[in-house]
Amino acid sequence: MVRASDGYDEFGNPEGRAFDLGGGDEDRIRGERILLYHCPIVDGPVAEAGLQRLLADRGLTLDVRHGPRHGGCDLTDQLLSQYTQLWFLSGAVPTVSPQQIQMISDYVAAGNGLAIWADNEPFYADANLLAKALIETGFSGNKQADHVMVPGSEHSPGFFIEHQLTQGVNNLYEGITICTIHPAPGVTILGQSHDGQQCLGCYEDENRRIVLDTGFTKLYPDRLHRSAGLGRYLSNIAFWLARGSRDVEYRLLTTGRTKIAAIGPGATSPPYPFEVSKAAATTCILQWTGPGALELSVRAPDGTRASHRSSQSPIRVGLQAYLPGTWSAEVTGVDVRSAQQYVLTASFATDVRAPDTTRRPAVQTDAAGQIVMPFYVLCDVSGSMAPDLTDLTEGLHALHRGLLAEPVINDLVMMSVITFNDSARTVVPLAAPEDISLPVLPAPVGLTNYSAAFREFHQAFEADRTRLKGEGKRVYRPCVYFLTDGEPTDQNYLQTFQALLTHQNNLAYPYICVFGFRDAQPATLEAMAHADAGGSHKRGRWFVAERGQSVSQTLTALVGVIGKSILQSAQSASSGVPEVNLPTHVPGMTGNRSIRS
């Protein structure tokens with residue numbers, strides 16, 4: 001057994017959330033809620049508080065509901081509508097009605113997750129009813145388990161296969177007692193117990209994800225934190241079933257199976273190759289703990305490269321991959337004192353489609369190729385924005401619909417959306433409006449870290465510019481629309497801003513238009529109204545909501561103003577003289593750049 005000091009826990013599983021499925025990408029699922037429906041069982045309840053703490057670490061809320069002790073099931077549509085996952089722990093007698101089975105089937109078909117927890121006979125009564133109705137499988141058997149499974153390349157007793165649900169797990173406890181899963185089309189058997197019982201499984205099709213586990217005794221209070229691999233396995237289940245993780249695949253490039261990857265001062269790792277098989281927004285995530293500065297470089301099959309270095313974990317480097325092929329990533333120890341351990345993950349967001357370059361003639365400007373005007377919308381999703389998430393979401397959809405209605409925009413404009421709170425994430429990679437699919441925004445939580453937003457934009461644009469130039473495009477100076485409802489919680493935000501986004505330090509500096517409301521202060525907004533390098537007509541803009549203006553009214557106004565700004569910019573490019581046209585007036589807002597036209 002590997003010592004914990006080597007980076008492994010007492011069971012030989014690598015330590016740290018970075019090895020969990022989606023580690024470092026929790027914003028995708030943050031704020032989602034799970035309902036654990038607990039049918040009566042003679043042994044008593046599972047480790048409810050422990051499960052809640054475990055999932056809270058991933059930004060998820062777990063509520064537990066106990067079924068009636070004297071029979072029947074009290075699940076309703078209204079109750080399920082509050083959750084994006086149902087974990088159903090089966091009892092010894094059937095309790096769900098045919099209507100409830102159909103209700104759960106509809107719930108899963110709508111894109112919500114389902115985990116069916118069974119155990120040895122007879123504790124799979126409802127599990128059988130659900131599994132049979134939803135995916136034509138079932139459970140049977142009464143076996144003693146109490147052993148530990150390990151990774152294996154093939155299905156055989158005592159082994160589990162490589163899958164997103166088993167990512168980062170080197171040893172996994174079976175449970176005290178178990179049953180077995182019946183084979184069925186579409187059901188993937190993930191693991192076999194020491195005596196060959198098919199004890200772990202899952203099912204996935206276009207909209208549905210279901211997990212099957214035959215040993216809910218592993219969830220008992222005396223097993224949850226004292227058994228091999230359970231914490232990570234359960235964390236992986238919750239992430240895989242979450243709505244926010246759909247259409248995203250994760251692959252650990254440093255698996256931690258035999259050792260934890262490490263890098264020394266000034267050293268560069270060997271390339272980590274990985275395959276991208278279809279159109280995807282590809283992002284590599286580098287994570288580490290402790291002091292030190294690292295650099296992550298990513299290379300696409302066509303030779304396009306992007307890199308970023310930082311002393312703050314995680315580092316994300318993303319590119320949109322539209323051609324299949326072998327990608328690679330490398331890690332460099334920029335400023336580390338000794339061998340720095342790290343975790344490297346590749347993610348593939350497949351809810352994008354490659355641009356169609358055959359449908360319309362390209363708008364040419366000169367020999368440099370087709371012009372592209374990139375626009376980035378940076379949206380504050382800190383905790384104070386929670387009451388306004390619906391308005392923000394609808395605003396982005398309205399903006400998208402407006403852009404789709406203008407043919408000239410699809411020829412010349414690309415848009416990206418970045419959200420930020422404690423950290424920042426590109427939720428819509430840069431693409432033409434017709435190639436964009438707006439995702440569910442992350443639930444507003446945390447603080448307001450401006451620096452994280454600046455770094456994410458800078459990193460994203462550098463990668464986007466490299467990619468577009470590699471495609472023969474002429475990339476115009478980017479424009480950033482920055483939306484926030486409060487003051488920055490990071491004290492060094494101006495230093496980060498000046499280092500990354502101003503003309504003094506970045507030849508590819510963006511034009512910036514800043515919109516503030518609620519607690520945002522004019523002085524803070526004005527300091528970011530860049531750039532003044534191109535004369536008064538090219539200066540940045542800042543606007544702050546007037547007293548009495550609601551956030552809903554402000555966001556509605558911003559949609560129209562931003563859409564008009566993008567349209568006028570695109571029209572200037574189509575006329576042969578491209579120029580970013582920033583807003584001069586926003587209804588219900590004032591600012592010292594608010595020059596009425």
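The values are calculated or read from the model by the stated rules, or taken from the named source; none is laboratory data. Nothing here was measured: the structure is a model prediction, and the numbers come from that model. Glycine also receives a Cβ, built like all others from the backbone with ideal geometry; neighbour counts cover every protein chain displayed. When the accessible area is computed, the model is the full protein with side chains, heavy atoms only, and any ligands, DNA or RNA have been set aside. Shrake-Rupley method; radii C 1.70, N 1.55, O 1.52, S 1.80 Å.
Worth pointing out:
- Pair list, Cβ under 7 Å, 6 or more apart: the stretch 295-306 residue part of a loop (DSSP other than H, G, I, E, B), other residue surrounded by 16 or more Cβ atoms within 10 Å (Cβ to Cβ) and among the hydrophobic types (A, V, I, L, M, F, W, C): Ala300/Leu319; Ala300/Ala321; Ala300/Trp327; Pro301/Trp327; Thr304/Leu319
- Answer from Ala262, Ala238, Ala267, Ala306 - the residue that is of a type in the set (A, V, I, L, M, F, W, C), farther than 20 Å from Gly59 by Cβ and open to solvent by less than 30 Å² (accessible area, probe 1.4 Å): Ala306
- Residues of the stretch 135-150 classified as assigned to a loop (DSSP other than H, G, I, E, B) and open to solvent by less than 30 Å² (accessible area, probe 1.4 Å), total: 3
- Residues of the stretch 20-48 satisfying the condition of being among the aliphatic types (A, V, I, L, M) and open to solvent by 10 Å² or more (accessible area, probe 1.4 Å): Ile41, Val42, Ala47
- Residue in the stretch 95-106 that is open to solvent by less than 20 Å² (accessible area, probe 1.4 Å) and touching a Gly at 6+ places or on another chain (Cβ under 7 Å) present: no
- Out of Gly22, Gly91, sole residue that is touching a residue at least 24 places away in the same chain (Cβ under 8 Å) and closer than 23 Å to Leu134 by Cβ: Gly91
- Each residue in the stretch 49-68 was checked for being surrounded by 16 or more Cβ atoms within 10 Å (Cβ to Cβ) and more than 24 Å from Gly244 (Cβ to Cβ), and 1 of them qualify.
- Screening Arg58, Arg65, Arg53 for residues that are touching a residue at least 60 places away in the same chain (Cβ under 8 Å) and basic (Lys, Arg) leaves exactly one candidate, Arg58.
- Residues being open to solvent by 10 Å² or more (accessible area, probe 1.4 Å), at pLDDT 95 or above and aliphatic (A, V, I, L, M) - total across the stretch 110-134: 4
- For the stretch 201-221, taking the residues that are within 25 Å of Arg243 (Cα to Cα), of a type outside the set (D, E, K, R) and in contact with a helix residue (DSSP H, G or I) (Cβ under 8 Å, 6 or more places away or on another chain), the one that is most open to solvent (accessible area, probe 1.4 Å) is identified as Asn207.
- Taken as a whole, the condition of being touching a residue at least 12 places away in the same chain (Cβ under 8 Å) and out of contact with any His (no Cβ under 9 Å at 6 or more places or on another chain) does not apply to Lys469.
- Among residues of the stretch 420-434 that are farther than 17 Å from Gly244 by Cα and assigned to a strand (DSSP E or B), those with a Cβ under 6 angstrom from a residue that is open to solvent by less than 10 Å² (accessible area, probe 1.4 Å) and not aliphatic (A, V, I, L, M), sequence gap 6+ or separate chain, pair up as Leu430/Pro374; Leu430/Ser416.
- Residue list for the stretch 236-255, filter: farther than 27 Å from Ser437 by Cα and touching an Asp or Glu at 6+ places or on another chain (Cβ under 9 Å): Thr255
- Taken over the stretch 396-420, the criterion of being touching a Ser or Thr at 6+ places or on another chain (Cβ under 7 Å) and at pLDDT 90 or above is satisfied by Ser416, Ile418.
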